[in-house]
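The next block holds one structure in the form of structure tokens; read it before the comments.
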Amino acid sequence: MSVRAEQLQREVWTRASAPRTIGFLGIALGFFALWLALPPFVVRTALAPVAVGILAIAAGIWAVSRREHRVGGGAIVIGVVGIAVAILAMRATSSNLKDVFVWSALIAATLRYATPLTFAAIGGMFSERSGVVNIGLEGMMLMGAYFGAYGADVTNSWVAGLFIGIVSGAALAFIHAIFSIHLRADQIVSGTAVNFLALGLTGYLYNQHYGNNGTPNDLPAIPDVNLKFLSHIPPSGLGNFLYNSIGQLNLMVWLSLLLLPIAYVVMFKTPVGLRIRSVGEHPKAADTLGISVYGTRYAAVTLSGALAAFGGVFLSIGFVNSFTENMTAGRGFIALAALIFGGWRPFGAFAAALLFGFSSALAARLPDLSASESAAWPVLFQTLPYVLTLIAVAGVIGRSIPPAAIGRPYVKQ
């Protein structure tokens with residue numbers, strides 16, 4: 001290649017990458033605008049956050065004007081949110097802010113809230129990559145939550161409860177697979193029916209077995225993993241921060257983190273993953289090559305139910321150590337939104353799950369920001385995970401491209 005050709009190629013690459021780089025810079029500035037009003041900075045004047053937020057918005061507009069819509073749009077949104085949240089944070093006292101924004105506690109809570117979403121989102125990835133829409137993740141999580149608690153109660157073992165919960169989620173997913181694959185029912189309708197089936201079944205069984213007394217207080221719980229050595233890392237401040245952040249997490253949190261690279265390797269680096277993706281993109285071509293479209297889809301959908309049930313079991317005997325009716329409270333749909341956010345990829349879905357998890361963790365602490373009991377505005381923040389779900393499903397922030405054959409029943413010729 002000539003020197004002139006190399007120069008032209010370098011110029012083209014620079015022009016293409018500059019808008020994206022500026023867009024990411026805008027996103028970073030938007031987060032920094034928000035952080036300025038929070039510990040450890042606690043800036044009490046609006047001038048600095050507003051100025052930084054305006055820079056973030058300007059960077060986003062510049063990136064959008066050069067056709068970098070996704071990153072640029074994200075910078076604009078985060079810049080606006082950063083300014084708004086910073087101004088709202090200034091309405092609280094400095095002591096309240098320091099009590100609420102304990103970053104080690106927020107990190108730990110974020111990971112806990114993100115764990116059930118991660119399991120369900122990865123499960124949804126396997127189903128939808130094979131071409132079957134799985135709206136039923138909510139019901140499969142709920143089945144896992146109830147049968148995990150019931151199994152642990154009956155057997156007096158959290159291991160048995162985990163296994164029973166997983167089997168219940170897989171069984172419900174298999175029902176969804178029958179209707180979606182062989183009976184060729186509308187997959188959205190089938191998934192919705194599965195959700196109502198799980199809601200009714202778990203509600204009936206819960207009242208039948210526990211009535212008004214609720215589940216026992218001494219349910220066998222999935223243990224935490226105590227990493228005490230983290231507290232001894234110098235300097236002591238860093239060691240204590242790490243220990244309080246990740247040193248006392250539940251075993252299921254670590255299993256969800258381990259699942260991410262495993263799911264990525266299976267889906268994108270193995271023949272099994274190639275088969276799953278092929279039946280989700282072009283099932284007729286896969287069938288011609290001797291791949292069983294029906295068998296692959298049945299396996300993928302059933303696996304998705306088992307993984308979603310993992311998240312449900314964590315909720316009941318790993319997180320709150322009890323079961324209540326409809327305790328998943330829409331987490332299956334949020335997991336589906338995380339999957340769309342992440343472009344049907346494990347690490348992208350996990351990043352979105354962390355976003356939803358952080359908003360949930362912060363929502364639980366924000367009412368303490370209010371200097372007076374009459375100020376109820378922080379409670380509105382509890383709607384943020386659901387607002388983000390609507391944004392993801394509507395495709396406002398970026399247009400994710402789903403598998404080509406998703407939602408289409410395959411008829412073998």
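Quick one: is L172 in a helix (DSSP H, G or I), in contact with a Ser or Thr (Cβ under 6 Å, 6 or more places away or on another chain), at pLDDT 95 or above and open to solvent by less than 30 Å² (accessible area, probe 1.4 Å)? Here the answer is no, as L172 does not meet what is asked. On inspection, A337 does not qualify as touching a Phe, Trp or Tyr at 6+ places or on another chain (Cβ under 7 Å) and either open to solvent by less than 20 Å² (accessible area, probe 1.4 Å) or in a helix (DSSP H, G or I) (or both).
Do we find that L29 is open to solvent by 40 Å² or more (accessible area, probe 1.4 Å), touching a Pro at 6+ places or on another chain (Cβ under 8 Å) and in contact (Cβ under 8 Å) with a residue 12 or more places away in the chain in this structure? Criteria not met by L29. Only one of the listed residues (S65, S17) is more than 24 Å from the chain's Cα centre (by Cα), open to solvent by 40 Å² or more (accessible area, probe 1.4 Å) and among the hydroxyl-bearing types (S, T, Y). That residue is S65. Of N212, N195, N207, all but one fail to be within 25 Å of G161 (Cβ to Cβ), in contact with an Asp or Glu (Cβ under 6 Å, 6 or more places away or on another chain) and assigned to a helix (DSSP H, G or I); the exception is N195. Out of A185, A198, one residue alone is among the small types (G, A, S) and modelled with pLDDT of 95 or more. It is A198.
Counting only helices (runs of 4 or more DSSP H) wholly contained in segment 224-314, the ones carrying 2 or more residues that are under 15 Å from I181 (Cα atoms) and open to solvent by 40 Å² or more (accessible area, probe 1.4 Å) occupy 293-314. In the set (1) modelled with pLDDT under 85; (2) touching a helix residue (DSSP H, G or I) at 6+ places or on another chain (Cβ under 7 Å), F323 fails one condition alone, (1).
The values are calculated or read from the model by the stated rules, or taken from the named source; none is laboratory data. Since we're looking at a predicted model, the values are computed, not measured. Every residue, glycine among them, receives a Cβ derived from its backbone with ideal geometry; neighbour counts consider all protein chains shown. Accessible surface areas use protein heavy atoms only, side chains included; no ligands, DNA or RNA. Shrake-Rupley method; radii C 1.70, N 1.55, O 1.52, S 1.80 Å.
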